[in-house]
């Protein structure tokens, strides 16, 4: 199918059918949850409608607000798309961008969509170990990275990883500084525009990497259909219009942030306020100056914004906060209510964003006491160990089907493990679904640590700690943390004849292996033995209770 124009401001007008393996595709199309638009038409159409309206404002502690109109962004996207095309990047190629929250990252995502390439934004915290895996999996035609980020030199780190793999991308862009052998991202309108060839609605246009129970990141493939289903749900759930700016405090490489910064403004005409980095003072100031209506982010952002409102009651407050990505305590939502902020919990993941949600019209008891009601068009069931549906209110693993569900994992092995023949995706989270469709998350099957919305595998950290000669066995768990939800804790045993080398030695070991510092344990405990089941499996619940 050829790429279609941007038709989905009113999704109910989109009824074209498609050839797709999705088991209930015709239902999604008939009911308007899917449409025939391509994300590559989003910005050009918005720029034609609202050329001089602000699309994105970037707020930071160090500079005045940086405002970009729809037309101004389109000029920069055209320049980047022309350069990518001139260097040989073609439809279906991967464009990997490991950039902080800055306009160049948004430009590269849109530029990839403009020429039918696949945008691959990567979280800034990843280092050589994770990036090596991602580069092997994607074999990118183009890469971009910050020249400098704090004490790090991400572009140079990426260059080393590429050299080790023997990869030579067609284009390399260094942003925010110069790096030998890397180009600056062009910003001026090109003399020769690139052909505008957005991918078909069912084709992969976005590839994100998320850690789960495996020790390596998993590649999650999304299409225009799945991303636009998410963007429209954001708009409709919060009743957003042109006068309702949205604050995004999270890295753009997260599914919710990339949708809210690239597609949501094009649906609503309201601009997105993107934080260069999380800072509650900057966030509060930006919300006041931009009259922000809704913020979307992890509970740590909501909590620290509420702290700011407590200290200065007169400051302008956001009306709504959509919180997810990590467990949210009931008390946080109730506290927000007392301070005049309508907050609601939601549940989703990179593979299937915002499966449940609240909204400004829902009672506070529901918004605080559950993780939201099943979003229109989505299905959520609790199942037992044999994958049989459970009665309402019974705890089980949650499986889902949704118009927002990914096309699939990049690795077919991951796909076959997680998705069955009927299109159900098994999330690894456990919870209940009541008779009215309200979902409450109870725990998880997967061994994943959730640090302020950043999710990563305990197995990866265990593998690296266990490779140290002074460690016999190791178990890594997520320990409760008031600010981030969870922090990384490591329980270890020492081989006979050895002594505990100390935290510093083990952190240096992880540093040598270039493990992201957010994954480094902050609590270490040395035990005589790890608690195990009769079959030898470590009982991590016992460790959490010790």
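Can you tell me which residue is surrounded by the fewest Cβ atoms within 10 Å (Cβ to Cβ) among those in the range 85-98 that are touching a strand residue (DSSP E or B) at 6+ places or on another chain (Cβ under 6 Å) and in a loop (DSSP other than H, G, I, E, B)?
Here the answer is 87.
How about the range 461-546: which strands (runs of 3 or more DSSP E) wholly inside it have at least 1 residues that are at positive phi?
485-493
From 353, 363, 327, which residue is at pLDDT 90 or above and within 30 Å of residue 419 (Cα to Cα)?
Result of the check over 353, 363, 327: 353.
Can you pull out the residues in the range 54-83 that are touching a helix residue (DSSP H, G or I) at 6+ places or on another chain (Cβ under 6 Å) and not in a strand (DSSP E or B)?
61, 70, 71, 74, 76, 77, 80, 81
Take the range 291-304 and flag every residue that is buried (at least 21 other Cβ atoms within 10 Å of the Cβ), under 17 Å from residue 60 (Cβ atoms) and either under 21 Å from the mean Cα position of the chain (by Cα) or modelled with pLDDT under 95 (or both).
295, 297, 301
Looking at residue 277, is it more than 27 Å from residue 310 (Cα to Cα), outside any helix (DSSP H, G or I), assigned by TED's automatic domain parsing to the domain that holds residue 59 and out of contact with any helix residue (DSSP H, G or I) (no Cβ under 7 Å at 6 or more places or on another chain)?
no
Could you please let me know if residue 165 is in the same structural domain as residue 138 (by TED's automatic domain parsing), under 30 Å from residue 361 (Cα atoms), surrounded by fewer than 23 Cβ atoms within 10 Å (Cβ to Cβ) and in contact (Cβ under 8 Å) with a residue 24 or more places away in the chain?
In short, no.
Say whether the condition of being modelled with pLDDT under 90 and out of contact with any helix residue (DSSP H, G or I) (no Cβ under 9 Å at 6 or more places or on another chain) is met by at least one residue in the range 447-456.
Within the range 447-456 (the criterion being modelled with pLDDT under 90 and out of contact with any helix residue (DSSP H, G or I) (no Cβ under 9 Å at 6 or more places or on another chain)), the answer is yes, since at least one residue qualifies.
So, in the range 413-458, exactly how many residues are in a helix (DSSP H, G or I) and under 21 Å from the mean Cα position of the chain (by Cα)? Walk me through it before giving the result.
The first filter runs over the range 413-458 and keeps only residues in a helix (DSSP H, G or I), leaving 413-418, 458.
In the following step, the residues that additionally are under 21 Å from the mean Cα position of the chain (by Cα) were identified as 414-415, 418, 458.
Of the residues in the range 413-458, 4 are in a helix (DSSP H, G or I) and under 21 Å from the mean Cα position of the chain (by Cα).
The values are calculated or read from the model by the stated rules, or taken from the named source; none is laboratory data. Since we're looking at a predicted model, the values are computed, not measured. With ideal geometry, Cβ positions are generated from the backbone for all residues, glycine too; neighbour counts draw on all protein chains shown.
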